[in-house]
Amino acid sequence: MAYLNLVMKNIRKKMLYEKIPGCDLKANPHIQSRMKLLKGQYFAIVEMMGMAGSGFSWNDKDKIIVVERQIFNKWKRSHPNANGLYNILFPYLRSWE
């Protein structure tokens, strides 16, 4: 199994260098940390959209969550992954599902 992980790491590294020559960015931790951030934000958005009766709604035309600032601030205290998601466009949200 360790060998397979090493092979996959080298393949990802090679692909990254092919796409961005001269890049010293490593797949781990940079890409993995970005994926972790996006995953947390996605689940926070899904939870907000499931709370339509609590002041949250989805504007499909503008691809944004509609909620009053006060309600959002109160909700995000218990949801740290939601920090920074107020009034942010999510044009690719449906493709994440």
Checklist line | FRET E, pair residue 83, residue 10, Förster distance 22 Å, beta-carbon r, rounded to 0.05 | finding: 0.05
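Output the peptides 41-50, 78-87 sorted from most to least packed, where packing is the average of other Cβ atoms within 10 Å over each peptide's residues.
Working: 41-50: 15.9, 78-87: 13.5.
Descending packing order for the listed peptides: 41-50, 78-87.
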Item checked: Summed side-chain charge close to residue 75 - residues other than residue 75 whose Cβ falls under 12 Å, Lys, Arg +1, Asp, Glu -1 -> +2
Notebook entry, point to check: Measuring from label point to label point, each 7 Å out along Cα→Cβ, what is the residue 18 to residue 31 span in nm?
Noted result: 1.2
Notebook entry, point to check: What is the distance, in nm, between label points placed 7 Å from the Cα along the Cα-to-Cβ direction at residue 46 and at residue 62?
Noted result: 2.5
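Every number here is computed from the coordinates shown, using simple stated rules; none is lab data. Everything quoted here is computed from the prediction, not taken from an experiment. Reconstructed Cβ throughout: ideal geometry from the backbone, glycine too, with neighbour counts over all protein chains shown.
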